[in-house]
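J.: Here you go, one structure.
The values are calculated or read from the model by the stated rules, or taken from the named source; none is laboratory data. It should be emphasised that the depicted structure is a prediction, and the values quoted were computed from it without experimental measurement. Every residue, glycine as well, gets a Cβ built from its backbone with ideal geometry; the counts of neighbours run over all protein chains shown. Protein only, heavy atoms only, side chains kept; ligands, DNA and RNA dropped before computing areas. Shrake-Rupley method; radii C 1.70, N 1.55, O 1.52, S 1.80 Å.
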Amino acid sequence: MECSVAIQFLPMDAKDDKTICKQVDAVIAYIASTGVNYFVAPFETTIEGSYEQCLEIVKNCPLVGAQAGCHSMMTYVKINYHPQGEVLSTAQKLSPYTQHNATTQLSS
């Protein structure tokens, strides 16, 4: 995998939380439908794949949001690209903390 991308899709014209969630959920469902590895977090969704595949998904996210009824949106993107090698996967980045979080939650 040569690329990972963090995508934050923000509806700007939604009147309530239910509408915001519906529009964001539509974008996440689209991402899931592409077959790439993805990880949903509270503030952004991270996708992993080839550079071309990731950029195609980024290009389509605002279009999917518009189809879900969003008329004004902001899409923030962070791209990690290594053309000659591998980027760290989300699982690799989170593994030191996943065990810690599970232990912390169990002891709470």
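J.: Hey, can you find the accessible area per residue of the chain for me, probe 1.4 Å, expressed in square angstrom?
T.: 65 Å²
J.: How about segment 1-51: which chymotrypsin sites (Phe, Trp or Tyr not before Pro) there lie in a loop by DSSP and see at most 15 other Cβ atoms within 10 Å?
T.: The qualifying sites are F43.
J.: Something else about it: Please work out whether the chain counts as rounded, prolate or oblate from its C-alpha gyration tensor, where a ≥ b ≥ c are the square roots of the eigenvalues and a/c under 1.5 means rounded, while otherwise a/b larger than b/c means prolate and anything else oblate?
T.: It is oblate, given that a/c is not under 1.5 and a/b is not larger than b/c.
J.: Could you look at segment 3-105 and say what percent of its accessible area is carbon and sulfur, using a 1.4 Å probe and all protein chains?
T.: 58 percent
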